[in-house]
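Encoded as structure tokens, the structure appears first; notes follow it.
The values are calculated or read from the model by the stated rules, or taken from the named source; none is laboratory data. Since the model is a prediction, treat every value here as computed from it, not as a measurement. Note that we place each Cβ from the backbone using ideal geometry, even for glycine, and neighbour counts take in every protein chain shown.
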Amino acid sequence: MLVDAFYGRVRGDGALAPIFESRLAGRWPEHLDTMCDFWSSVLLATGRFRGNPVAKHLGLPGLTVGHFDRWIELFHETAFTILPHRIATDVTGRAERIRVVLQSAALSGAGSGQTSSLQEVPS
């Protein structure tokens, strides 16, 4: 529910939609499945996610701090709209920490050899 609602907002957002569409055109269903696995692993420790989110965010042309600001803004709006406040606070706190890792790697260009997963981001 959170993943679908959030990415629905992303797809309609003037700043984020072009970035996501350039990478995911025709592959949205697969991406949403992957994001469900990712958030299931982050929030519920299911271990469903296998991947390297840092590597996926490296080398995205035109990516700026403003894109990360907008991503977290939409995430907050979505979480606090559909989740109970206590749960939304926990989920968005984790999203904030994930944002720091992805933004740092994506904007510095570092991390292409990283093998650690974002599942290790402290909760």
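Among the listed residues THR92, THR34, THR46, which satisfies the condition of being without any contact (Cβ under 8 Å) to a residue 12 or more places away in the chain and either outside any helix (DSSP H, G or I) or crowded, with 17+ Cβ neighbours inside 10 Å (or both)? Let's see the steps before the verdict.
Details: THR92 fails: without any contact (Cβ under 8 Å) to a residue 12 or more places away in the chain; THR34 fails: without any contact (Cβ under 8 Å) to a residue 12 or more places away in the chain.
Only one candidate qualifies: THR46.
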PRO53, sole failed condition from (1) in contact (Cβ under 8 Å) with a residue 24 or more places away in the chain; (2) loosely packed, with under 14 Cβ neighbours inside 10 Å; (3) of a type outside the set (A, V, I, L, M, F, W, C)
(2)
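Is it the case that segment 56-63 has a residue that's touching a residue at least 40 places away in the same chain (Cβ under 8 Å), within 13 Å of the chain's Cα centre (by Cα) and in a helix (DSSP H, G or I)?
In the first step, residues of segment 56-63 are kept if they are touching a residue at least 40 places away in the same chain (Cβ under 8 Å); the result is 57-60, 62-63.
After this cut, where a residue has to be within 13 Å of the chain's Cα centre (by Cα) as well, the list is 57.
Imposing the further condition that a residue be in a helix (DSSP H, G or I) reduces the set to 57.
Yes - at least one qualifying residue is present in segment 56-63.
Which members of segment 9-31 meet the condition of being of a type outside the set (Phe, Trp, Tyr) and surrounded by 13 or more Cβ atoms within 10 Å (Cβ to Cβ)?
ARG9, VAL10, ARG11, ASP13, ALA15, LEU16, ALA17, ILE19, GLU21, LEU24, HIS31 - these are the residues of segment 9-31 that are of a type outside the set (Phe, Trp, Tyr) and surrounded by 13 or more Cβ atoms within 10 Å (Cβ to Cβ).
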Among the residues listed as ILE19, ILE82, the single one being more than 23 Å from MET1 (Cβ to Cβ) and either touching a Leu at 6+ places or on another chain (Cβ under 8 Å) or modelled with pLDDT under 95 (or both)
ILE19
Would segment 81-89 turn up any residue that is surrounded by fewer than 18 Cβ atoms within 10 Å (Cβ to Cβ) and closer than 20 Å to ALA105 by Cα?
no
Give the number of residues within segment 1-46 that are touching a Ser or Thr at 6+ places or on another chain (Cβ under 6 Å) and over 17 Å from TRP71 (Cα atoms).
2
Could you check, for segment 100-110, whether at least one of its residues is hydroxyl-bearing (Ser, Thr, Tyr), modelled with pLDDT under 90 and not in a helix (DSSP H, G or I)?
no
Condition test on THR115, is it of a type outside the set (Gly, Ala, Ser), surrounded by fewer than 17 Cβ atoms within 10 Å (Cβ to Cβ) and modelled with pLDDT of 90 or more?
no
